[in-house]
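The values are calculated or read from the model by the stated rules, or taken from the named source; none is laboratory data. In this text, all values refer to a predicted model and were calculated from it rather than measured experimentally. Protein only, heavy atoms only, side chains kept; ligands, DNA and RNA dropped before computing areas. Shrake-Rupley method; radii C 1.70, N 1.55, O 1.52, S 1.80 Å.
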Amino acid sequence: MRSDQGDADLFDEIRLRRARRLEAAELPPRLDVAAIAARAEAARPAFAAAALMSTVVAGLAAASLVALAAVALPAVAPAVASDLFADGIQTLARVAIPASALLSLAAQPTVPIATIAALAVAIAYELAQRRERVVEITS
């Protein structure tokens with residue numbers, strides 16, 4: 001025996017799809033660019049004074065910031081330049097201490113001779129490895 005009561009609880013797939021669709025009256029209104037522009041034009045005179053005032057205040061703030069930078073830069077520049085110069089000299093000194101040990105080692109008379117000898121051995125080895133044995137085929 002079949003129960004129709006159990007089937008009544010289940011929705012048909014077609015009915016579910018129809019329920020998800022919007023009717024023509026339920027669609028959202030389309031955006032009308034001309035209406036948006038007309039409404040913005042109508043509201044413009046109300047905000048013209050506020051826009052002008054905010055532009056003036058922003059311009060004054062920018063001008064005062066530029067003037068402050070122009071006045072403060074000559075006063076601060078020598079101190080900043082001397083600090084940068086001192087940091088550069090300190091960095092150069094830190095690098096020069098280990099470099100002096102390497103340079104004193106390279107100044108020994110045996111180091112250049114050993115370097116030239118090692119170079120000669122490396123060149124001779126490379127030339128020996130490059131040689132190919134030629135097999136002559138006579139017919």
Inset, instruction - Work out from phi, with θ = phi - 60° and the Karplus expression 6.51 cos²θ - 1.76 cosθ + 1.60, the ³J(HN,Hα) of each residue of segment 72-78, listed in order in whole Hz, and give x for Gly and Pro. - result: 7, 4, x, 7, 8, 4, x
Inset, instruction - Express the carbon and sulfur contribution to the solvent-accessible surface of segment 80-139 as a percent, rounded to the nearest whole number, probe 1.4 angstrom. - result: 69 percent
Legend entry - From phi via Karplus (6.51, -1.76, 1.60), per-residue ³J(HN,Hα) for segment 109-125 in Hz, x at Gly/Pro: x, 7, 5, x, 5, 5, 5, 5, 5, 5, 5, 5, 5, 5, 5, 4, 5
